[in-house]
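Colleague: Before anything else, here's the structure in question.
The values are calculated or read from the model by the stated rules, or taken from the named source; none is laboratory data. Predicted, not measured: the structure shown is a model, and the values here were computed from it. As a convention, Cβ positions derive from the backbone with ideal geometry for all residues, glycine included, and neighbour counts pool all protein chains shown.
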Amino acid sequence: KNVKRCFFELEKSQWLKNKEVINLQEKKLRQLINHAYHHVPYYRQVMDKKGIRPSDIKTIQDLQKLPLLSKKEINNNLYFDLFSDNHNKKKVKRITTSGSTGSPFICFVDRYQLEMRWAATLRGHQMTGCNFADKQVRLWHQTIGLSFSQRFKEKIDAFLSRRKFIPVFELNINNIRAMLKTIKNYKPKLVDGYAEAFNLIAQFMSDTKVDTVNVPSILSSAQYLPPETRSKIEEQLNSSVFDKYGSREFSGIAYECEQHNGLHIVAENYIVEILKNGKPVKPGELGEVVITDLNNFCQPFVRYCIGDLAVAEDINKKCACGRGLPLIKNIQGRVQSIIVGSNGRYIPGTFFSHLFKDYSYLVQQYKIEQIIKDEINLSVVKGLRFESKKFDELLSQLYKYLGEDTKINCKYVEKINLTKVGKHQAVLSKLKLDFQSIKL
């Protein structure tokens, strides 16, 4: 009921003029900052130290008076200083992720934030031409890291929303064929999933010359979608591809509309800054994504450094679709690779983020690299509660999915170096996938 109400609000607000959208954001920002100062010890301490009062933060530009919030700060202050003193921990949702950076991370969100993120998801699907009653297929993690009750709840939700889940963390020749057959028979209006999974499927179709599968719309997320990959997916699946930028902490942050000219920020939920050396970049420049969540009052994220890179768009640019929501030109820096197991499985890089999040107390950060077939290199920065016995349990999970004959070269390191563009890349493969060389 509440999600439905939120959806109708978002459906209406997307057509506001740009200035009206900014006014809406700034009204919510003032409420958030006032709450954070009076009920969240961390923000009160930070603001008092800088001599800032809640009344000093009135506009989006005023946010620059406040310091950036890192994942390290969140982890250090998670359960006490960053949690609102007028929220009950038992009544909020705990979210665990390690994302594309390989750093396990925990946060909390309240009910209203969850309702608004669900509503934004429905609106994002609507941008692709898919309405709530239309059939959908989701190529996703499905059950990795979920309890029995969570898996049951997802199945009920999938049934009611006419959404069919297909797991993509154990891809091989046979189940790619089965997946395409399922999609062809189910005839969904939208297929939603990881960019790397779509890329793998499109390459398989190209190499093996299987029958064409027609999908009206594809919503790609979780990784950077290069233009050549988009073209290949559209050609092989006879589809229109839409990009989505999201995260476990916030779900959908920005969605591509039917004009395919950038991604619309879910401005009713988030303020997105794109910074370089702490300053806003110019349109067309690459910078670090910094997010302020306007709806989560149990653990406010104000100027949170999410760890992604994006190319900024002119804040005053009007999209031909008529929506007043601000745009991001594109998201970069989220590049994951597919790891090939000795058992013939193709394991998307996002699988490892879901696996490692359940061992956040053991592993502070990790990197998986594959240079040759049947062998991977695993670099690990130990967590504060590292135990060899528990780590062996984690390794056994890796062998389960990659195959017992996979050689895992594990080494413990003090730190994992950044890529040339200043990102942590958790999964990297230098193998070239060629389905034509595989005996079918």
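Colleague: If ASP85 meets every condition in (1) within 24 Å of TYR361 (Cβ to Cβ); (2) acidic (Asp, Glu); (3) in a loop (DSSP other than H, G, I, E, B) apart from one, which number is that one?
Modeller: (1)
Colleague: Quick check on VAL46: is it in a helix (DSSP H, G or I) and out of contact with any helix residue (DSSP H, G or I) (no Cβ under 9 Å at 6 or more places or on another chain)?
Modeller: yes
Colleague: Take the stretch 375-396 and flag every residue that is in contact with a strand residue (DSSP E or B) (Cβ under 7 Å, 6 or more places away or on another chain) and either outside the structural domain of ILE408 (by the TED database) or closer than 24 Å to ASN343 by Cβ (or both).
Modeller: Initially, the stretch 375-396 is screened for residues in contact with a strand residue (DSSP E or B) (Cβ under 7 Å, 6 or more places away or on another chain), giving 375-383, 395.
Result: GLU375, ILE376, ASN377, LEU378, SER379, VAL380, LEU395.
Colleague: Quickly run through the stretch 390-412 and pick out the residues that are among the acidic types (Asp, Glu) and either touching a residue at least 40 places away in the same chain (Cβ under 8 Å) or not in a helix (DSSP H, G or I) (or both). Before the answer, list the steps.
Modeller: To start, the set of residues in the stretch 390-412 that are among the acidic types (Asp, Glu) comprises 392-393, 404-405.
Matches in the stretch 390-412: GLU404, ASP405.
Table: residues versus (1) over 17 Å from LEU294 (Cβ atoms); (2) in contact (Cβ under 8 Å) with a residue 12 or more places away in the chain; (3) more than 24 Å from the chain's Cα centre (by Cα).
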{"position": "LYS1", "(1), (2), (3)": "yes, no, yes"}
{"position": "LEU10", "(1), (2), (3)": "no, yes, no"}
{"position": "ILE33", "(1), (2), (3)": "no, yes, yes"}
{"position": "TYR42", "(1), (2), (3)": "yes, yes, yes"}
{"position": "MET47", "(1), (2), (3)": "yes, yes, yes"}
{"position": "PRO54", "(1), (2), (3)": "no, yes, yes"}
{"position": "LYS71", "(1), (2), (3)": "yes, yes, no"}
{"position": "PHE83", "(1), (2), (3)": "yes, yes, no"}
{"position": "THR96", "(1), (2), (3)": "yes, yes, no"}
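Colleague: Let me ask something else. From the residues in the stretch 346-360 that are in contact with a Leu (Cβ under 7 Å, 6 or more places away or on another chain) and among the hydroxyl-bearing types (Ser, Thr, Tyr), which one is modelled with the lowest pLDDT? It would help to see each step written out before you state the result.
Modeller: Applying the first criterion (in contact with a Leu (Cβ under 7 Å, 6 or more places away or on another chain)) to the stretch 346-360 yields 346-347, 359.
If we keep only those that are among the hydroxyl-bearing types (Ser, Thr, Tyr) as well, we get 346, 359.
Numbers: TYR346: 79, TYR359: 87.
For the stretch 346-360, the residue satisfying everything is TYR346.
Colleague: Something else now. Using the structure shown, decide if PRO216 is farther than 26 Å from LEU402 by Cβ and in contact (Cβ under 8 Å) with a residue 60 or more places away in the chain. Steps first, please.
Modeller: Numbers: farther than 26 Å from LEU402 by Cβ: yes; in contact (Cβ under 8 Å) with a residue 60 or more places away in the chain: yes.
So PRO216 passes the test.
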